[in-house]
Amino acid sequence: MKWLVTPGPGAQAAHSRADEHGEHGVLSAIASGDLDTLEDLADVWWFELPARFGPELLGLLERLPATMAARRPRLLMAGVLAYQLAEAGDDAHLRATMRLFELHGVRLSKRLRSFTRPGDMIAAGALAMHAARTRGQYRTAEGIGAWVEEHLLRTDDAGALPWSADRRVGRPGLIALNRGVTAMLAGRPAVAIGHLRRAYEQAGPPPFQHFAGAAACANLALLAAVRGHHAMAESWLDRIGQCGPVPEWLEHHLLLGAVIARALLAIDRLDAYAAEQALDQAGSAEDPGDLWPFLAAAWAAYSVAFDEPVNGLLGLDAACFAHGMGMRPGPDAHPVLLRAHADLLAATGEGNRVVALAETAATTGRLLPPAARVRLLAGDSDGALTVAGRAMRDAGVTPRDALELQLVIAVVHLRSGETDEARARFLHAVELGRQGLLAPFALFPRDEVLELCHLTGTDPQDLGMTRTLDDARNPASGPIVLLTRRERAVLVGLAAGDSAVRIAADHGVSVNTVRTQVRKVYRKLNASSRTSALAKAGQLGLIPPDAPRTA
């Protein structure tokens, strides 16, 4: 969009004010304590103000009464950023900065209605949304963002006219960007895309007003890469540079989504070197930051494709623990974390845990492809076909999921001798693979993939099979034990130490029915007692983590 890189009259007027004052004007405002002028300049310079004048700004803030900066959110935001930059690279300092943002964001959230100037509402709203997100309060964060945007529509008439000479350019796109990030973390990608596109469209020109647009492009690229839309992800990555340059000190904060997207694209292409380079640049998923679930999922995907999946499980556990989850992703965790967990479990042969996770997760649809795959690997072709068919009917199926499901169906038909159907399904998968999605082919038995290549005249090297031909690892699945709903309920009762009489009373059935269900559970688990049945059920993940247990 042309106006992203070419300032209109309103933006030109704002920038002319910055040029008129220049560095001397900023320094004069700081020296004289002219806070109103300084805040106006903070709107224009945005991130560049604390970057260029950090020491002078901090010196001014130290001279002010303690409560004055708290009443001026634009000044507060600039001051906290200057504080962070003063000790760039110091992890303890960064954590202290994040705590400051959270603390003041919580305080500002209680005073949002007291601000009347648009710049104050934007700065206070952004800080308040950040604080709510940090605490996992995504609904609260979204409510703040919606209120700020609605209030700006009613009060900032000039702000809606980019050609107006009186327009005050103040962090354009910042609230829409924060709403997009909030929706990403709440597991609502479609909503996130809408907000992020608005942030991109609202962004102003470089050198000072394009930052939200660049960050929006990075996060849109990430969302596209997660789903397997390679061309779309590459397009958004290209647009980052068109928005304008981002200073090096801001890159990790604003463009982390782009780095994770590049890692995911490289993993899909089976480019281990590029994936490792991108992940090293992105850093550890244990570090503080909004996008940690996506980074943790990228590290997990790398472990499945190139490394040791057991190490991937340990890394995912460490990331979840570092961010207060206390355990590996539970049923209500972010969808990308759940999928990462399921893929790692499948890669370590824990097929039954994948099936159990798919049955209990709030976002079951995302886990159907790995559930279908582990059933196939365990020899349950009928079950694999049933689950794959169910997943294919899901309106939210991604290109990556569609490829895996087509491969599941192709292998099932190959095993049953239905070569025409196997050929057709495999060719659908190959078409998706040629768009850059090569990693899923390595998740299936090589001999059967090679047989399908021969059947369709496909060169295995086109699917990245060169690497996997020499790979000693083979995809495998542990035993799949399938329990009915009633059998699972009985198993939970046994784990809690309940008697057959108590279980029967709780579920409104006869004691004989419960005893019959207990015998079936024992037979499926190849167990002869409650103790051995519970031990095997626990090993296979058949007992929900939150189910009551006897000591």
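The values are calculated or read from the model by the stated rules, or taken from the named source; none is laboratory data. Just so you know, these numbers come straight off a predicted model, no measurement behind them. We work out accessible area using only protein heavy atoms, side chains counted, and drop any ligands, DNA or RNA first. Shrake-Rupley method; radii C 1.70, N 1.55, O 1.52, S 1.80 Å.
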Out of the total accessible area of the chain (probe 1.4 Å, heavy atoms of protein only), what percent is carbon and sulfur? 52 percent
If the cut-off is 17 Å between C-alpha atoms, which aspartates and glutamates fall inside it for Lys536, apart from same-chain ones fewer than 8 positions away? Glu350, Glu487
Whole Å is fine, so just give me how far the alpha carbon centre of segment 402-472 lies from that of segment 186-207. 37 Å
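Counting only heavy atoms of the protein chains, get the accessible area per residue of the chain (1.4 Å probe) and round it to a whole Å² value. Working shown, then result.
On the way: 24380 Å² over 551 residues.
Solvent-accessible surface per residue comes out at 44 Å².
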How much length is gained if the chain between Asp238 and Glu451 is pulled fully straight, taking 0.36 nm per residue apart and subtracting their Cα-Cα distance, in nm to one decimal? 72.8 nm
Helix 211-227 versus the longest principal axis of the chain: what is the Cα-based angle in degrees, 0 to 90, to the nearest 10? 10 degrees
Between Arg502 and Ala272, 0.36 nm times their residue separation minus their Cα-Cα distance comes to what? 77.3 nm
Using only Cα atoms, find the angle between the long axis of helix 248-268 and the longest principal axis of the chain, and express it within 0 to 90 degrees, rounded to the nearest 10. 20 degrees
